[in-house]
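Q: Following this message is one structure expressed as structure tokens.
The values are calculated or read from the model by the stated rules, or taken from the named source; none is laboratory data. Because the structure is predicted, anything quoted here is derived from the model rather than measured. Because the Cβ atoms are built from the backbone with ideal geometry, glycine has one as well, and the counts that use them run over all protein chains shown.
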Amino acid sequence: MLSLEHELHELRQRGAIDDRTCAELVALERGEVFPIAFELRAAAYIAVAMIVTGIGIVIAHNLERIGPLAIAIALALAAAGCYVPAIRSLRRNEPRSAVGEYVLLLGALLLAADIGFIETSFHPLGGLWTLHLLLIALVHAAGAYIFNSKLLLSASLASLASWFGFQAGITSMFDSKPASVGSSGLAAAVAILIWRAMNSRHARYRDFAGTFDFFIANVALISSLILATNRDTRILGLILALFFATAAIVYAVHARAISFAVYGVIYGVIAMCIGAAEINGRFAGVFLAMLISAVGGAFVLGYVRQLIKGSA
Amino acid sequence: MSTFRPSAAEERWLAVADIAGEKAVTAADTGGWRTASLLPRCAFFFLGILASAALFGLAFLLSSSAIGAGLFTAFICIGVAELLITSKRFFGMGFEEALWMAGAISLVPVFIGPESDRPIALGLAIAFAATALRLVNPLFATCALAAASWRMSLDGGWQAATIAFAISTVIAWLALKKNFVRPSTQRLAQWMTVVLPLGAYLWAKQFNFDPWRYLDREVTVDSMTSFALPLVLIGAAAIALTLGLRWRQHALLIAFALCVVLLAIELRDVSTLTIEAKLIVYGIVILISSVILERRLRRPHGVTSLPLGRDSDAWKIIELGTAATLATSSHRPDSTPGGNELEQGGGSYGGAGSSGSF
């Protein structure tokens, strides 16, 4: 087995790391400490995905046999059961573990499934049925703020984006117009931006900023690219994509977050390629634009990476 | 100071920078070699592939010859990649890896005709293997193995391939005990620890391989495949778990998880439960096991569930993305009031992730 113990001791002698850090890292190198937190998180995620998928099939296949009321009650009870450990941790003022976070996510997903099921079976919202997505987003958001959970916030933001999509009359990505998909995505990005601004006033939830930023950047950039795939909105989509890509790169430098530089460069390069195909329909021109934008993108990413490392 | 690739000492310092932070290590330690974390590396790799593909397309349009375009692309891509490695001291940056791989693959049409699968498979295997050797990259080594497997399968060499993969698995697992000098060599061994047993299984299944058939000719192939493979997988899982915990090797724990998944696939017909019941039951078992292990192992020494070490950006993004994916179900027009509320084969309820495409 590879051991970097010698190098770590050298770093400590130089004063590059303190005694405590050195001891912790050496213990890891020697195998005196063997963390399996990553494996447990991965297992918990897979388990949640399996359970949620299985329940989806059970509902679809057994509605007649079990009955809608029984299914709705069973889902609510299962969801409540998953919330119990999180509530207990909250009352004891204990931090939740990574696996506990996934149990909470499972509870939230089951609750959302229940809300969706009740709406589909009993139609309490009538013609305003799409509001159930907004309700799900609100429930997840409440959970995120009560339990201080980024995963629930992520689920809430995804549900909010879905609601915007339904408001624009989108039923699926494949039978909808790119213009409506793109514009509803941009509206969702603006809504998340406003939410982020409101959230930043509360010091306790400042950690949520990264999750908001992740969604704002990706939803805005993807929506712009979707607009760019439509002949009628191509120019607007390309301008917006390049604008958002530049904004993401500037933000990456400002916040020293390389991931945003990656989003900006990758989406920007894709936008340039779409633009080249629009302006010059010939293959040679498109290939040349692809080559220039890919190499240019690599230079920009490398430069931003150096800037971030230099300012760290 | 080496120019061809980092020396063992320089590579070790790069690994130290990864665990102790880049600021702790000086350029003199690493010999000025530069490496990137997972997310930028993937982005650089994507850009490198895009640039290489565009270059090949451009050369092909101008020359109307796949061989000419291949030679030109290989010359430029491998040349630029070598320049980046030797003068800019790139090591695992992504861009030079993409260029080297694309350059090597561009040479495939130069040496072989497009008519036959055999030379294409062999050419790809050689191209990936050359890239893997030059860059000491386990991903390309895996691709080389896959291409070599394809080539062997064309001649029906499943028996030899399964045995070769199974023996290589044992060697790879035992090799993890070795005191590696270079982190890249250890990484290669760790990848192989997971990839080789999967390869052995796929070979065995794809060609209905039965290793016991040659020991006991009385037993039919069908009955043997239903017994032998699960037994082998149970044994492999137990060994991987034991060695993984004893030798403190995450790769062996992943190999254990892989064996368990393959075992579940093999034994899928043993239980009469429906697919949805299996998903729920297995999911609950995994979740409860995770919770119990997580609680029992909250200790500062030994095998621990405490989150130690740094969380990478890539993992944070994957975690947020997957939560969002689970939360978003597919919505269909017939889920509107008055429509057909439920679809066979999957629901369309908000938040359940039950998209109907199971």
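Q: Quick one: how many residues across region B:110-155 are assigned to a helix (DSSP H, G or I) and more than 22 Å from B:ALA200 (Cβ to Cβ)? Break it down stepwise before answering.
A: Going residue by residue through region B:110-155, those that are assigned to a helix (DSSP H, G or I) are B:110-111, B:117-135, B:138-154.
Among the residues that remain, those that are also more than 22 Å from B:ALA200 (Cβ to Cβ) are: B:110-111, B:117-120, B:123, B:126-127, B:130-131, B:133-135.
Residues meeting the conditions: 14.
Q: Continuing with this model, one more query. How many of the residues in region B:177-203 are in contact with a Pro (Cβ under 9 Å, 6 or more places away or on another chain) and of a type in the set (A, V, I, L, M, F, W, C)? Reasoning before the result, please.
A: As a first pass, look at region B:177-203 and keep what is in contact with a Pro (Cβ under 9 Å, 6 or more places away or on another chain): B:182, B:184, B:187-192, B:195.
Of the ones still in play, those that are also of a type in the set (A, V, I, L, M, F, W, C) are B:188-189, B:191-192, B:195.
Looking only at that region, the number is 5.
Q: Where residues in region B:22-41 are within 10 Å of chain A (Cβ to nearest Cβ) and touching a residue at least 60 places away in the same chain (Cβ under 8 Å), which of them is surrounded by the most Cβ atoms within 10 Å (Cβ to Cβ)?
A: Of everything passing the filter in region B:22-41, B:LEU39 is surrounded by the most Cβ atoms within 10 Å (Cβ to Cβ).
Q: Mind telling me which of the residues A:GLU101, A:GLU64 ends up being at pLDDT 90 or above and either within 12 Å of chain B (Cβ to nearest Cβ) or farther than 22 Å from A:LEU153 by Cα (or both)? It would help to see each step written out before you state the result.
A: Values: A:GLU64 fails: at pLDDT 90 or above.
After ruling out the rest, the residue left standing is A:GLU101.
Matching residues to (1) among the polar types (S, T, N, Q); (2) surrounded by fewer than 23 Cβ atoms within 10 Å (Cβ to Cβ); (3) within 10 Å of chain B (Cβ to nearest Cβ):
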position	(1), (2), (3)
A:ALA108	no, no, yes
A:ALA112	no, no, yes
A:GLU119	no, no, yes
A:GLY127	no, yes, yes
A:VAL139	no, yes, yes
A:ALA144	no, no, no
A:ASN148	yes, yes, no
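Q: Here's a follow-up. Looking only at helices (runs of 4 or more DSSP H) that fall completely inside region B:1-79, which ones have 1 or more residues that are among the hydroxyl-bearing types (Ser, Thr, Tyr) and more than 26 Å from the chain's Cα centre (by Cα)? Step through it out loud before you land on a result.
A: Values: elements: B:8-20, B:27-30, B:38-63.
Helices (runs of 4 or more DSSP H) meeting the threshold: B:27-30, B:38-63.
Q: So how many residues does region A:259-302 have that are in a helix (DSSP H, G or I), of a type outside the set (Val, Ile, Thr) and more than 7 Å from chain B (Cβ to nearest Cβ)? Steps first, answer last, please.
A: Narrowing region A:259-302 to residues in a helix (DSSP H, G or I): A:259-279, A:283-302.
Next, only the ones that are of a type outside the set (Val, Ile, Thr) stay: A:259-261, A:263-264, A:267-268, A:271-273, A:275-278, A:283-285, A:287-291, A:293-294, A:296-299, A:301-302.
Retained after the next criterion (residues that are more than 7 Å from chain B (Cβ to nearest Cβ)): A:260-261, A:263-264, A:267-268, A:271-273, A:275-278, A:285, A:289, A:293, A:296, A:299, A:302.
Count: 19.
Q: Is it fair to say B:PHE44 is closer than 30 Å to A:LEU28 by Cβ and aromatic (Phe, Trp, Tyr)?
A: Numbers: closer than 30 Å to A:LEU28 by Cβ: yes; aromatic (Phe, Trp, Tyr): yes.
When the stated conditions are applied, B:PHE44 passes them.
Q: Check B:LEU262, B:LEU241 and return the single one that is in contact (Cβ under 8 Å) with a residue 40 or more places away in the chain and assigned by TED's automatic domain parsing to the domain that holds B:THR169.
A: Details: B:LEU241 fails: in contact (Cβ under 8 Å) with a residue 40 or more places away in the chain.
B:LEU262 is the lone residue from the list that is in contact (Cβ under 8 Å) with a residue 40 or more places away in the chain and assigned by TED's automatic domain parsing to the domain that holds B:THR169.
Q: Moving on to the next point. When you scan region A:269-288, how many residues do you find that are modelled with pLDDT of 90 or more and over 18 Å from B:ALA43 (Cα atoms)?
A: Summing the residues that are modelled with pLDDT of 90 or more and over 18 Å from B:ALA43 (Cα atoms) in region A:269-288 gives 2.
Q: Would you please name the residue that is surrounded by the most Cβ atoms within 10 Å (Cβ to Cβ), looking only at residues in region A:39-86 that are over 20 Å from the mean Cα position of the chain (by Cα) and charged (D, E, K, R)? Outline the logic, then answer.
A: Keep residues of region A:39-86 that are over 20 Å from the mean Cα position of the chain (by Cα), which gives A:39-40, A:51, A:54-86.
Filter again for charged (D, E, K, R), leaving A:39, A:64-65.
Working: A:GLU39: 18, A:GLU64: 8, A:ARG65: 8.
So, considering only residues that are over 20 Å from the mean Cα position of the chain (by Cα) and charged (D, E, K, R), the one surrounded by the most Cβ atoms within 10 Å (Cβ to Cβ) is A:GLU39.
Q: Given the conditions (1) assigned to a helix (DSSP H, G or I); (2) touching a residue at least 40 places away in the same chain (Cβ under 8 Å); (3) farther than 18 Å from B:LEU202 by Cβ, and given that B:VAL181 satisfies all but one, which numbered condition is not satisfied?
A: Result: B:VAL181 fails condition (1) only.
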